[in-house]
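> Okay, here's the structure, questions in a sec.
The values are calculated or read from the model by the stated rules, or taken from the named source; none is laboratory data. Keep in mind that this is a model prediction, so the values were computed, not measured. Here Cβ is always computed from backbone atoms with ideal geometry, including for glycine, and neighbour counts include all displayed protein chains. The accessibility values were calculated without ligands, DNA or RNA, using every heavy atom of the protein model including side chains. Shrake-Rupley method; radii C 1.70, N 1.55, O 1.52, S 1.80 Å.
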Amino acid sequence: MYTETVIQHFTNPHNSGVMENPDAVGVAGSPECGDTTTLYLKIKDGVITDAKFQTFGCAAAIASSSMFTDLLKGKTLAEALKITNMDVVKMLGGLPDAKIHCSVMAEESVKAAVDDYMTRQAKNI
């Protein structure tokens, strides 16, 4: 059902946990199953230097968040927004059709975090 890569990211998620003093926070949820994810970003000069997540959900949701945080590090905000849920699915070696929404949740958390960052920056002007 799940690829070896999905199982590895689920059993040993990368970048899992709460980040102290993040520059941005994005929260997303999946109405299909009730899963939620919170993404924390550190950003310097428009580049994501660190990413962490907390996900309440199934193996696919945790694996998608783990893979997404790996992909985000070192990317500019513009580059991060171009990463799609299907990029994550491909990097995971695929997900069952019924679990694609888990990767969408990870993508939505990135958009929410970038929006949060932009709002914070606007307040500092």
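> Scan (1) aliphatic (A, V, I, L, M); (2) assigned to a loop (DSSP other than H, G, I, E, B); (3) open to solvent by 30 Å² or more (accessible area, probe 1.4 Å) for the single condition MET86 breaks and write down its number.
(2)
> Residues that are out of contact with any strand residue (DSSP E or B) (no Cβ under 8 Å at 6 or more places or on another chain), at least 1 per element: which strands (runs of 3 or more DSSP E) completely within segment 10-60 meet that?
Qualifying strands (runs of 3 or more DSSP E): 36-44.
> Take the residues of segment 105-125 that are more than 21 Å from ASP50 (Cα to Cα) and assigned to a helix (DSSP H, G or I): which is least open to solvent (accessible area, probe 1.4 Å)?
Only one residue fits best here, namely ALA122.
> Spot the failing condition for GLY46; the list is (1) modelled with pLDDT under 95; (2) open to solvent by less than 20 Å² (accessible area, probe 1.4 Å), and only one is missed.
(2)
> What are the residues in segment 84-123 that are among the small types (Gly, Ala, Ser) and touching a residue at least 40 places away in the same chain (Cβ under 8 Å), if any?
Matches in segment 84-123: GLY93, GLY94, SER103, ALA106, SER109, ALA112, ALA113.
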